[in-house]
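The values are calculated or read from the model by the stated rules, or taken from the named source; none is laboratory data. Bear in mind the structure is a predicted one, so any value in this text is a computation, not a measurement. Quick reminder, even Gly has a Cβ in these numbers, built from the backbone with ideal geometry, and neighbours come from all protein chains shown. Heavy atoms of the whole protein, side chains included, go into the accessibility calculation; ligands, DNA and RNA do not. Shrake-Rupley method; radii C 1.70, N 1.55, O 1.52, S 1.80 Å.
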Amino acid sequence: MTREKVGGKIAVYPGSFDPITNGHVDIIKRGIRIFDEIIVLVAFNPNKSSMFTVDERCQFIRDIFSGVEGIKVDSHDGLLIDYLIDSGATTILRGMRALSDFEYEFQMALMNRRQTKDIETVFLMSGFQWFYTSSKLIKEVAGLGGSVEGLVPDNVHQKLLEKYSSKGAR
Ligand code: PNS
């Protein structure tokens, strides 16, 4: 019997979260109304190089959701489905933004399901105001001294300002 059948419906919300944005936070807050538990998983994307360490990324998320029931934070540097199998979860939660996300998400969902039929990916549409928010653009704009206030949680914003202060970020 999987953990889900014993202890409620668990979703794993994987991503690079480099760093977590308010768009991700919105997905987690809405997701926890559907699932009993969400494991926010800082996972390894071999196609991206990261600005923040895995520990830093996890800590941002832990601080944001500290005391919120049902939200756990973990990291994993292997295959996503192996993490799900080991944790007993069978649902992957992902956010879907503009149309440009669709093909990438579709490929990953089908590849994950090809490996084990028990695993389903569930998508939540991004909140309207986060439709074009991405960690990549946030780092780019912050790095060039632009304002990303309101697009990332306060702890992330503060860290970005510190990181780029020597380069003249506003
Ligand atoms: O936030 P991202 O970078 O779009 O998230 C992508 C992520 C980390 C979920 C994806 O790269 C992933 O699942 N990585 C773990 C390794 C894996 O299982 N790769 C095969 C995916 S089909």
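Over 28 Å between C-alpha atoms is what I'm after, so list which of K9/K139; K9/K136; K72/K139; K48/K163; K9/K159 land there. Before the final figure, lay out each step's value.
Values: K9/K139 34 Å; K9/K136 31 Å; K72/K139 25 Å; K48/K163 19 Å; K9/K159 34 Å.
Check vs 28 Å cut-off fails for K9/K139; K9/K136; K9/K159.
Loop-located trypsin sites (Lys or Arg not before Pro) in segment 1-105 (DSSP state other than H, G, I, E, B) with a sparse environment of at most 16 neighbouring Cβ atoms within 10 Å: K9, R33, K48.
Once the 1.4 Å probe is applied to the protein heavy atoms, segment 10-131 comes out at 54 Å² accessible per residue. What would the Debye equation give as log₁₀ I(q)/I(0) for segment 73-170 at q = 0.15 Å⁻¹, counting only Cα atoms as equal point scatterers? With one equal scatterer per Cα and no solvent, log10 I(q)/I(0) is -0.79. The accessible-area ordering, largest first, of the residues L99, L151, L80, L41 stands as L99, L151, L80, L41, per a 1.4 angstrom probe.
Just to be sure I understand the rule: take each whole DSSP H helix in the chain, project its Cα atoms onto its long axis, keep it if the span is 20 Å or more and its mean Kyte-Doolittle hydropathy is at least 1.0. Which ones pass?
Details: long enough: 100-115 (25 Å, -1.07).
Qualifying helices, which must be both long enough and hydrophobic enough, do not occur.
Taking the accessible area of the chain, probe 1.4 Å, and keeping the other protein chains in place, the carbon and sulfur fraction comes to 53%. The calculated FRET efficiency for D82 paired with L124, based on their beta-carbon distance and R0 = 35 Å, is about 0.90. Between the residues I92, V73, T53, the greatest Cα displacement towards the positive end of the dipole of segment 47-157, with unit charges on the Cβ of Lys, Arg, Asp and Glu, is found for I92. Between the beta carbons of N155 and L99, assuming R0 = 25 Å, the FRET efficiency works out to 0.20 to the nearest 0.05. Building the convex hull from the alpha-carbon atoms of segment 31-91 and averaging its projection over directions returns 4.7 nm².
Computed from the alpha carbon positions, the gyration tensor of the chain leads to an equivalent ellipsoid with semi-axes of 28, 17, 15 Å, biggest first.
Charging the Cβ of each Asp and Glu at -1 and of each Lys and Arg at +1, and nothing else, the dipole of segment 10-131 about its Cα centre rounds to 320 debye.
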